[in-house]
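Asks: Before anything else, here's the structure in question.
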């Protein structure tokens, strides 16, 4: 990002056009009975090389689309209860679960969320997007059971991309906040996992080097508390397991974001203070409050929550998500495929 005046649309289109693969992407939408999802599917087809895979009864989906004056050509409609791939998907699911019968797995995979997740696991689809209807816990459960976690990750988590086109510092026009939706009170080990996953997410989506600030009410020893110590332990773990990542902490938010403040508080500013673009909050309270304050007081565009830490890109949605939210989140997911 350069110093020219940018709009939110500039930033967003720059992000969403970063997908390196140019083939038609397949996005599974297991909540196709929802009007917002149907509308989003049509927008994805009309604007982008994307094939939405709508899970449900095709005749009902077509009837509803007619009522909404939507054209589903370009979408694939799949009824999990009748699809001829279900036995093979069930066997794949059972491969790591020798005590589970294929018939039991088939019963589970007749549910759209689990069938869709196995389509992603098998490579028949690129990503899955759900949560407009399903609770977040169900989406995460399906991801854990069917797709599994990425190598070296033991904690699934979430992030928001925060778009701030008017930020004076170009480094701060796209920020990643984590974990804003999943882990309530993460341990040091979980915080380290969240930091690593967030760095990978930022790099894949934005195409820039992540600079990770582990946030706290203390800056490098200015306060002593067990919560501060947890953040320090997380930083130490990341430096041990991923020494190439640029990370610092514990840092207060102003130190992480303002070079002027950082120079005042620190004798050695380093590579993160004042220039952080990945902000890891110490718990869900702080992260959820932080992203909403940034959204409503600074006018940031918040994209998410997007899940991370899984072996394939999948994501949750807010149950209040709009059609535009669904379209944008789907396209962000595809930058990771």
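The values are calculated or read from the model by the stated rules, or taken from the named source; none is laboratory data. All values derive from a computational prediction rather than experimental measurement. Counting neighbours? That spans all protein chains shown, and the Cβs are built from the backbone with ideal geometry, glycine included.
Asks: For the range 205-229, give me each residue that is under 23 Å from residue 160 (Cα atoms) and surrounded by 17 or more Cβ atoms within 10 Å (Cβ to Cβ).
Replies: 205, 206, 210, 211, 212, 213, 214, 215, 216
Asks: In the range 43-59, which residues are part of a helix (DSSP H, G or I) and farther than 17 Å from residue 116 by Cβ?
Replies: 43, 45, 46, 47, 59
Per-residue answers, yes or no, for (1) buried (at least 22 other Cβ atoms within 10 Å of the Cβ); (2) under 23 Å from the mean Cα position of the chain (by Cα):
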| site | (1), (2) |
| --- | --- |
| 236 | no, no |
| 239 | no, no |
| 248 | yes, yes |
| 258 | no, no |
| 263 | no, no |
| 274 | yes, no |
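Asks: Looking at this structure, is residue 69 touching a residue at least 12 places away in the same chain (Cβ under 8 Å) and in a loop (DSSP other than H, G, I, E, B)?
Replies: no
Asks: Quick one: residue 228 ticks every box in (1) assigned to a loop (DSSP other than H, G, I, E, B); (2) without any contact (Cβ under 8 Å) to a residue 40 or more places away in the chain; (3) more than 26 Å from residue 17 (Cα to Cα) bar one, so which box is it?
Replies: Unmet condition: (1).
Asks: Among residues belonging to the range 35-51 that are buried (at least 21 other Cβ atoms within 10 Å of the Cβ) and touching a residue at least 40 places away in the same chain (Cβ under 8 Å), point out the one that is nearest to residue 319 (Cα to Cα).
Replies: Filtering first and then ranking leaves 37.
Asks: From the list 108, 118, which one is buried (at least 17 other Cβ atoms within 10 Å of the Cβ), at pLDDT 95 or above and more than 13 Å from residue 313 (Cα to Cα)?
Replies: None of the others qualify; the one that does is 108.
Asks: Please tell me if residue 249 is assigned to a loop (DSSP other than H, G, I, E, B) and at pLDDT below 95.
Replies: No, not satisfied.
Asks: Okay, next question. Read through the list (1) in contact with a strand residue (DSSP E or B) (Cβ under 6 Å, 6 or more places away or on another chain); (2) closer than 22 Å to residue 155 by Cβ, then give the number of the only condition that residue 283 fails.
Replies: Single failed check for residue 283: (1).
Asks: Search the range 262-318 for residues being part of a helix (DSSP H, G or I) and in contact with a helix residue (DSSP H, G or I) (Cβ under 6 Å, 6 or more places away or on another chain), and hand back the single one that is nearest to residue 238 (Cα to Cα).
Replies: Within the range 262-318, the match that is nearest to residue 238 (Cα to Cα) is 262.
Asks: OK, next. Which of the strands (runs of 3 or more DSSP E) found entirely inside the range 78-193 contain at least 2 residues meeting this: closer than 30 Å to residue 235 by Cβ and in contact with a helix residue (DSSP H, G or I) (Cβ under 8 Å, 6 or more places away or on another chain)?
Replies: Here the list reads 157-163, 174-178.
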